[in-house]
Amino acid sequence: MARPADPAARARQLRDAIDRANHRYHVLDEPEIPDAEYDALVRELEAIEAADPGLRTADSPTQRVGAKASEAFATVEHARPMLSLSNAFSEQEVRDFVARISAATGDAEPEFCTEPKLDGLAISLRYEDGLFVRGATRGDGASGEDVSANLRTVKAIPLRLRGAAPAVLEVRGEVYMTRAAFEDWNAKARAKGERTMANPRNGAAGSLRQLDSRITASRALSFYAYGLGVTEGWPVPERQSQVLAALRGIGFPVSPEVGTARGADGLLAYFERIGARRDALPYDIDGVVYKLDRIDQQEQLGYVSRAPRWALAHKYPAQEQTTTVEAIDVQVGRTGAITPIARLAPVGVAGVVVTNATLHNADQVARLDVRVGDTVIVRRAGDVIPEVAGVLLEARPLDARGAPRHPPFALPAQCPACGSDIVREEGEVAARCSGGLVCPAQRVQSLIHFASRRAMDIEGLGDRIVEDLVDLGFVRTVADFYALTQDDFLQMRRRADERDGTQPETARQGKVASKWADNLLGAIARSRDSTLERLLFALGIRDVGESTAKTLARQFGSLDAVMSADEGRLREVPDVGPVVAGRIASFFAEPHNRAVIAALRAAGLHWREGPPQANLAGPLVGKSVVLTGTLASLTRDEAGARLEALGAKVAGSVSKKTALVVAGEAAGSKLDKARDLGIEVWDEAALLAFLAQNE
Ligand code: IVH
């Protein structure tokens, strides 16, 4: 990397740019620059600081990377104790809480700040003169552990306050792990045969207590602020809701779910509203917190033992429960992957009765050492499949001699669906059924996948119906769905009822229910009109997920173009490596698959196709373009899409890698930067002329 003319100025510029990117990402939730660009900025700053360590400041983002192992954590006394919360599990307890507050304050409908109760780890962050100096865990509330080095690695925690430098400011909040980060971590751990984390909370706690902060840095931790410790020289707002807004203003992430509500009914409505969205939130919550909004009234109410009288945690049903394993079976997926499944004594987990939980793969079963009869912890969060998160070994049933009553689990040698051998390739985590197309389980699973919501979205065509359709010979390939008639469905149901010895109520009354069949036929008909990316995903090519399908659709534009691309051409597609390119090419080379596609076309299926967007021979291929300012004749999104169609990569910020900046009216710092770096700049007229010539 060339040395900049003024390294000190460049270092300052880079620090600001990195800070801004962090702030936009973690606080404003409006990411501006791609990860790769962010990493490049950090690397450039590291290089400058390495060449001249005098330029390294305490708040430099390079100081987030973590450092060597230390011996143990020092103890930190909390200048103001870190309290806990009283819990409520029922509506009545919430009403009682509000009544107590009304009585004490004389306010019939007191106002509360309402916040989600994140399931992570409470910490206290101390800033002096605007700079982060120390961070500690809650510990016993009076003193905790100094985990400053680890907290520095959490990018959501500002190292310097924005636009404020009070003598002392302590901010309290929760360090947590998003579900996506947790799932991602565990998927990688399972692939490497390493230990998994039981839940995001343990993940966050374990990461923060690492003695080597480089390990903490490698785990994606997040942070939300929810309160204050001691402050000196900072004007503390009058209300909790204003405190949160002020914290947001000086650079702390605050949950977007926070709000205010009046009276018990207002609180209960908030509880319901967040509860309805609980599964859709990106992190685990175990409840919501109500805090009397006026801080003078909080002070008036005070504390009982170690919890404030002015706050209440209202809890949701737990996302983890214990139950016992009745059996361990294996399931065959659409690609033949064998997944061990624990059959459980039914247990309610966060509002749903769970009877099956995934054990992921044989290594995971071995690592957990799950056996029949064991008491296990089942976790269900978000829309992920319930999983066995741990085993309570002390509860394992023993025989008379004190040995475990059941042996360790072993994978069967043959596929339960077709009897073909189960094989496990070198280096692969998943064992697979070698039966391919003869295996009915694989066929059923691939048909279910085709109909699923994110694929062709045929509502109502779920597991049971697809199994019956295949079992009774009505459907063999996905194209057969489109030839089904009402009569087929009714016959299928009749034969399935005969087979199962069931007699529906309507049949007993001498009627034939047919509305369900009409609904299904309607859903099938609607799926005839789809998009290329959905179709590519629905075909179930191994390792072609939604995002690869989308990229393929955009790059090639038509199914014919994808089908006729050779491996070399497929490898040019971003995210498609040699293995996936090989899988796509061999899928379309397979005559059975080509026949199914021809049959889908013949059945009247059509999918929207367009011109290939990232034209690999386009005039802007591989060029990074930045749009800034306001364009008069088209929106920035439109302009971006049209440039992308010509091969450009549209980026959010200007860097040395930027090839071109399109500047509309009132373009600001990006335009200045482009000029500084000597990057080509177009105005709107130049852009329109270029589009007219090249589209
Ligand atoms: S306030 C004086 N607000 O819940 C009140 N706590 O059960 C102190 N928590 O240790 C806590 N989200 O780890 C507060 N919005 C929120 C919270 C929250 C999660 C955790 C925190 C605390 C525990 C108390």
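The values are calculated or read from the model by the stated rules, or taken from the named source; none is laboratory data. Predicted model, so just to flag it, every value in this text is computed and none were measured. Cβ: placed from backbone, ideal geometry, glycine included. Neighbour counts: every protein chain shown. Accessible surface is based on the protein model in full, side chains and every heavy atom, while ligands, DNA and RNA are left aside. Shrake-Rupley method; radii C 1.70, N 1.55, O 1.52, S 1.80 Å.
On the given criteria, is residue 403 in contact (Cβ under 8 Å) with a residue 40 or more places away in the chain, open to solvent by less than 50 Å² (accessible area, probe 1.4 Å) and over 30 Å from residue 92 (Cα atoms)?
Against the criterion (in contact (Cβ under 8 Å) with a residue 40 or more places away in the chain, open to solvent by less than 50 Å² (accessible area, probe 1.4 Å) and over 30 Å from residue 92 (Cα atoms)), residue 403 does not qualify.
Are any of the residues in region 105-116 at pLDDT 95 or above and closer than 30 Å to residue 167 by Cβ?
yes
Do you know which of the residues in region 157-181 that are closer than 18 Å to residue 215 by Cα and of a type outside the set (A, V, I, L, M, F, W, C) is nearest to the ligand (Cβ to nearest atom)?
For region 157-181, the residue satisfying everything is 176.
Restricting to region 430-442, count the residues that are closer than 22 Å to residue 546 by Cα and either part of a loop (DSSP other than H, G, I, E, B) or free of Cβ contacts under 8 Å to residues at least 40 places away in the same chain (or both).
Residues meeting the conditions: 1.
Out of region 303-325, which residues are within 12 Å of the ligand (Cβ to nearest atom), modelled with pLDDT of 95 or more and farther than 20 Å from residue 265 by Cα?
308
Taking into account only those residues within region 182-214 that are closer than 20 Å to residue 377 by Cβ and of a type in the set (A, V, I, L, M, F, W, C), which is surrounded by the most Cβ atoms within 10 Å (Cβ to Cβ)?
204
May I ask you to list the residues in region 348-380 that are within 19 Å of residue 396 (Cα to Cα), among the aliphatic types (A, V, I, L, M) and open to solvent by 20 Å² or more (accessible area, probe 1.4 Å)?
366, 368, 372, 377
Applying the selection to region 106-130, what residues are open to solvent by less than 40 Å² (accessible area, probe 1.4 Å), near the ligand (Cβ under 8 Å from one of its atoms) and either free of Cβ contacts under 8 Å to residues at least 40 places away in the same chain or part of a strand (DSSP E or B) (or both)?
Within region 106-130, 115, 116, 118, 121, 122 qualify.
Among the listed residues 154, 94, 98, 133, which satisfies the condition of being away from the ligand (no atom under 15 Å from the Cβ), assigned to a strand (DSSP E or B) and either open to solvent by less than 50 Å² (accessible area, probe 1.4 Å) or not acidic (Asp, Glu) (or both)?
133
Among the basic types (Lys, Arg), at pLDDT 95 or above and buried (at least 20 other Cβ atoms within 10 Å of the Cβ) - does that describe any residue in region 162-173?
For region 162-173, residues among the basic types (Lys, Arg), at pLDDT 95 or above and buried (at least 20 other Cβ atoms within 10 Å of the Cβ): absent.
Taking the conditions exactly as written (within 16 Å of the ligand (Cβ to nearest atom), modelled with pLDDT of 90 or more, over 24 Å from residue 30 (Cα atoms) and under 27 Å from the mean Cα position of the chain (by Cα)), does residue 201 satisfy them or not?
yes
So the check is Cβ under 7 Å with 6+ separation or different chains; which pairs have a first residue in region 77-105 that's more than 30 Å from residue 170 (Cβ to Cβ) and a second one that's at pLDDT 95 or above and small (Gly, Ala, Ser)?
Here the result reads 95/264, each pair linking region 77-105 to a residue that is at pLDDT 95 or above and small (Gly, Ala, Ser).
Got a number for residues in region 7-18 being touching a helix residue (DSSP H, G or I) at 6+ places or on another chain (Cβ under 7 Å) and either more than 12 Å from residue 39 (Cα to Cα) or not in a helix (DSSP H, G or I) (or both)?
5
Cβ-Cβ under 7 Å, sequence separation 6+ or interchain: first residue in region 448-465 and farther than 15 Å from residue 521 by Cα, partner assigned to a loop (DSSP other than H, G, I, E, B) and not polar (S, T, N, Q). Which pairs?
449/334; 449/455; 449/540; 450/456; 450/540
Output the number of the condition that residue 597 fails; it satisfies all remaining conditions of (1) touching a Leu at 6+ places or on another chain (Cβ under 6 Å); (2) of a type outside the set (Lys, Arg); (3) closer than 18 Å to residue 531 by Cβ.
Condition not satisfied by residue 597: (1).
Please enumerate the residues belonging to region 176-208 that are in contact (Cβ under 8 Å) with a residue 40 or more places away in the chain, charged (D, E, K, R) and farther than 16 Å from residue 320 by Cβ.
190, 195
Pick from region 447-457 the residues that are small (Gly, Ala, Ser) and buried (at least 21 other Cβ atoms within 10 Å of the Cβ): which of them is farthest from residue 477 (Cα to Cα)?
The qualifying residue farthest from residue 477 (Cα to Cα) is 455.
From the set of residues in region 72-82 that are buried (at least 17 other Cβ atoms within 10 Å of the Cβ) and aliphatic (A, V, I, L, M), which is farthest from the ligand (Cβ to nearest atom)?
Among those residues, the one meeting the criterion is 76.
Would you please name the residue that is most open to solvent (accessible area, probe 1.4 Å), looking only at residues in region 434-446 that are more than 21 Å from residue 495 (Cβ to Cβ) and not β-branched (Val, Ile, Thr)?
Only one residue tops the list, namely 437.
Just name the residue that is modelled with the lowest pLDDT out of those in region 362-374 that are in contact with a Leu (Cβ under 9 Å, 6 or more places away or on another chain) and in a loop (DSSP other than H, G, I, E, B).
Top of the filtered list is 369.
Any idea which of 377, 328, 385, 341 is of a type in the set (A, V, I, L, M, F, W, C) and modelled with pLDDT under 90?
Of 377, 328, 385, 341, the one residue that is of a type in the set (A, V, I, L, M, F, W, C) and modelled with pLDDT under 90 is 385.
Determine which member of the set 44, 109, 115 is over 30 Å from residue 182 (Cβ atoms) and under 32 Å from the mean Cα position of the chain (by Cα).
Unique residue meeting the criteria: 44.
Restricting region 285-302 to residues that are open to solvent by less than 70 Å² (accessible area, probe 1.4 Å) and without any contact (Cβ under 8 Å) to a residue 60 or more places away in the chain, which is nearest to the ligand (Cβ to nearest atom)?
298
Which of the residues belonging to region 232-247 are touching a residue at least 60 places away in the same chain (Cβ under 8 Å) and surrounded by 17 or more Cβ atoms within 10 Å (Cβ to Cβ)?
Within region 232-247, 234, 239, 240, 241, 244, 247 qualify.
Please go through region 136-151 and pick out each residue that is among the polar types (S, T, N, Q), crowded, with 20+ Cβ neighbours inside 10 Å and away from the ligand (no atom under 12 Å from the Cβ).
150
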